[in-house]
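Below: one structure, written as structure tokens.
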Amino acid sequence: MANTNLSKAKNAKQDEFYTQYADIEKEVTAYLEFNPDTFRDKVVLLPCDDPEWSNFTRFFALHFEDLGLRKLISTSYAPDSKMLKQPLQLTMFETTSPQFDPGKAQTKGKIFILDRDVDGNGRIDIDDLQWHYLEGDGDFRSKEVKAFRDEADIIVTNPPFSLFREFFAWVMESEKKFLIIGNMNAITYKEVFPCIKDNLAWYGCSISSGDREFGVPDSYPLDAAGWRMDDKGKKYIRVKGVRWFTNIDHGRRHQPLPLMTIADNLKFSKHKELKGKVKYIHYENYDAIEVPYSDAIPSDYDGCMGVPISFLDKYCPEQFEIIGQTQGESGKELGLAPFPRELKKLNPSLRDGQLYYIDNGKPEKPYARILIRKKQ
């Protein structure tokens, strides 16, 4: 189910969700545990991050030497205030700086660079960040920011939700390492799923369930469930279905998923959809069985299986092969046959190109499914 907060943000182009420092720290630490040199001697680009608001720049600047970075580049986007319902929120950091230019503040992006000990204290840290205005507005699609992308080794950010498809394609085009945040349903996008299928991208380490809290600007309307305001008046919302997307290797993706036999799953399953059943349901228009939960994947079935997209939280490429997915045009590409007219009468919500099975004499369409097969 689509997340309400993200859907509203997409429709209103209110994409300024500020990732919490603890979430960034937990995710990055997991890669260091797998490979301590993950970021060593690397140029890291944060292409959607105003350091005055974003924790990404703060984290990487504070840990510049611990991570062994060679250079940190952070760019921000500053659209013309006429395009916004509210004027841009300028901070004292910018307005009291010698570089501050009222004429550029609303129309020019900013770039922050950290690569040397400016203040002479013997360390390269957050106090050594140097900034100036960009020539353009800082849009990641501009030639200016693209040049920074091509200079970088690793791209890390929380891209605008409404532009996730385009941003993901922009990152993949660069053939650079990346670590970005998005909604888990993005794996069904035509720009994303082929990369998941071919093991060119995968979910990150630290988020596999639940929701996450993001900071939002003062102007953000708090008209949905799951929001709060701290004692300083800063606003936060909770967002469901968030995942890290990456192509940086980590240990969790190589841990095989424990499996039980079909008989044991049907006998001991904690899920009422399976417990006490005689067998797993077979799809009518594809040679595969329906597996409604990732922890119910059987160990003694070698054919194709349809599993929830949350399976990717536990996906081990040495254990499973991803065959396809059933959303959008992908179902037609799999060769899913059109529905017989008599079945559409029984369930008017059915659409051609969708996976379905018969349950108690009625055709049913499962939620988004990924088709997988165990490797021998």
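Every number in this text was worked out from the coordinates using simple rules, so none of it is lab data. Being a predicted model, the structure only gives us computed values, none of them experimental. Virtual Cβ from ideal backbone geometry, glycine too; neighbours counted across all protein chains shown.
Values as computed for the structure displayed
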quantity: Hits among aspartates and glutamates - C-alpha to C-alpha of residue 234 under 12 Å, sequence gap 8 or more where chains match; calculated: 218
quantity: Listed values (1) 19.5, 60; (2) 23.5, 78; (3) 22.5, 70, entry calculated as Rg and Dmax of the Cα atoms in Å; calculated: (2)
quantity: Under 11 Å, Cβ to Cβ, from residue 347 - net charge with Lys/Arg +1 and Asp/Glu -1; calculated: +2
quantity: Size of electric dipole in region 202-314: Cβ of Lys, Arg +1 and of Asp, Glu -1, about Cα centre, debye, nearest 20; calculated: 400 debye
quantity: Charge tally in the Cβ shell below 9 Å around residue 170, where Lys, Arg are +1 and Asp, Glu are -1, residue 170 excluded; calculated: +1
quantity: Fraction of antiparallel bridges per DSSP, the chain only, in percent to nearest 5; calculated: 75 percent
quantity: Net charge of neighbours whose Cβ lies under 14 Å from the Cβ of residue 318, counting Lys and Arg as +1 and Asp and Glu as -1; calculated: +4
quantity: Considering only region 106-243, percent of DSSP beta bridges that pair antiparallel, nearest 5; calculated: 80 percent
quantity: Of 279/345; 108/143; 26/314, pairs whose Cα-Cα distance is over 21 Å; calculated: 279/345
quantity: Computed [θ] at 222 nm, deg cm²/dmol, the chain (DSSP H ≥ 4; -39,500 (n - 2.57); rounded to nearest 500); calculated: -5500 deg cm²/dmol
quantity: Under 5 Å, built H, 5+ apart or other chain: amide partners of residue 325; calculated: 371
